[in-house]
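Below you'll find the structure, written out as structure tokens, and then a few comments.
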Amino acid sequence: MSWVGTSWKMNKTLAEARDYATRLAAALSDGAPAGVQPFIIPPATAITTVRDILGPDSPVVLGIQNAHWADAGAWTGEISVPQAADAGARLVEIGHSERREFFAETDETVNLKVKATLAHGLRPLLCVGEPGEVFAAGGSVAHIMAQVAAALDGIDDVSRVLIAYEPIWAIGEHGREARPEDIEAVFAALDAAYGDRVEAILYGGSVNQGNAEETLRVPGVNGLFVGRSAWQVDGYLELLRIAASLA
Ligand code: PGA
């Protein structure tokens with residue numbers, strides 16, 4: 001199964017979310033393309049809106065971009081995993097490099113969040129990635145394997161976990177697209193260590209309609225985690241079609 005999804009990051013009003021969800025629901029009214037598992041991660045403000053438009057039988061898995069590890073309490077500004085689940089999220093994005101860099105997310109808090117997500121029966125989407133200097137110095141594999149090991153520390157059953165390898169140098173408008181040879185070694189290492197234990201291992205970072213196919217052909221890649229190129233629903237649907245053509 002190829003998991004293909006997008007985080008909208010800090011984008012979209014409710015009107016924009018409604019428009020996207022309405023078009024997506026119409027396009028997938030006969031179900032998801034064979035072999036593809038779609039997922040959408042709106043901002044928290046829009047999860048219930050998107051849930052209600054997609055409806056209970058939608059093939060789309062909904063997610064949240066972050067959640068706290070505690071079930072409830074005095075944590076101003078945070079959202080717990082049970083609250084996310086109550087709003088309709090079935091997946092929790094954890095440890096995106098933007099959260100590690102700008103919001104003090106550490107390997108320790110990532111590990112706590114992965115555990116909390118699994119404890120409540122949701123899927124963690126664990127994001128890992130190395131900075132450009134580490135890539136340039138040839139340290140990508142060691143960096144990524146250490147990040148994943150720290151995030152999964154103390155967890156025996158990782159079968160519901162999704163891992164997204166997203167090199168920091170490839171993410172966002174200042175990122176550069178990865179070539180297959182840039183990411184092959186990391187996927188070989190992740191696949192050898194986790195390929196038969198986790199749900200899927202995804203690639204993210206400047207994925208677009210032009211490079212999706214060659215990325216999905218890299219051995220060990222089981223899906224795509226996309227930002228900008230999937231923020232318009234037509235762009236997302238095209239990525240689903242590309243994944244389906246290879247499934
Ligand atoms: P991008 O974002 O596709 O816009 O580079 C990817 C991500 O941050 O997951």
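Numerical summary
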item: Checking ALA170 against (1) farther than 18 Å from PRO124 by Cβ; (2) touching a helix residue (DSSP H, G or I) at 6+ places or on another chain (Cβ under 7 Å), the condition it does not meet; result: (2)
item: Counted residues, region 1-50 - those being of a type in the set (D, E, K, R), out of contact with any helix residue (DSSP H, G or I) (no Cβ under 7 Å at 6 or more places or on another chain) and more than 16 Å from the ligand (Cβ to nearest atom); result: 3
item: Hits in region 169-202 (condition: part of a helix (DSSP H, G or I) and more than 30 Å from ASP156 (Cα to Cα)); result: TRP169, ALA170, PRO180, GLU181, ASP182
item: Answer residue from region 211-232, given it is β-branched (Val, Ile, Thr) and more than 17 Å from VAL198 (Cα to Cα) and is nearest to the ligand (Cβ to nearest atom) among those; result: VAL226
item: Matching residues, region 132-141, being closer than 17 Å to ILE201 by Cα and either free of Cβ contacts under 8 Å to residues at least 12 places away in the same chain or crowded, with 17+ Cβ neighbours inside 10 Å (or both); result: SER140
item: Count of residues meeting criterion [under 19 Å from LEU126 (Cβ atoms), part of a loop (DSSP other than H, G, I, E, B) and of a type outside the set (Gly, Ala, Ser)] in region 203-217; result: 1
item: Near pairs, Cβ below 6 angstrom, 6+ apart or cross-chain, from region 184-211 (at positive phi) to any residue that is open to solvent by less than 10 Å² (accessible area, probe 1.4 Å) and part of a helix (DSSP H, G or I); result: GLY205/ALA170; SER206/ALA170
item: Residue that is nearest to LEU162 (Cα to Cα) [pool: residues in region 176-210 that are open to solvent by less than 30 Å² (accessible area, probe 1.4 Å) and within 13 Å of the ligand (Cβ to nearest atom)]; result: LEU202
item: Yes/no for GLY121 being more than 17 Å from GLY204 (Cβ to Cβ) and either open to solvent by 20 Å² or more (accessible area, probe 1.4 Å) or not in a helix (DSSP H, G or I) (or both); result: yes
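The values are calculated or read from the model by the stated rules, or taken from the named source; none is laboratory data. Bear in mind that the values here come from a model prediction, so they are computed numbers and not experimental data. Ideal geometry is used to build each Cβ from the backbone, glycine not excepted, and the neighbour counts take in all protein chains shown. Heads up: the accessible areas ignore ligands, DNA and RNA and are worked out on the full protein's heavy atoms, side chains in. Shrake-Rupley method; radii C 1.70, N 1.55, O 1.52, S 1.80 Å.
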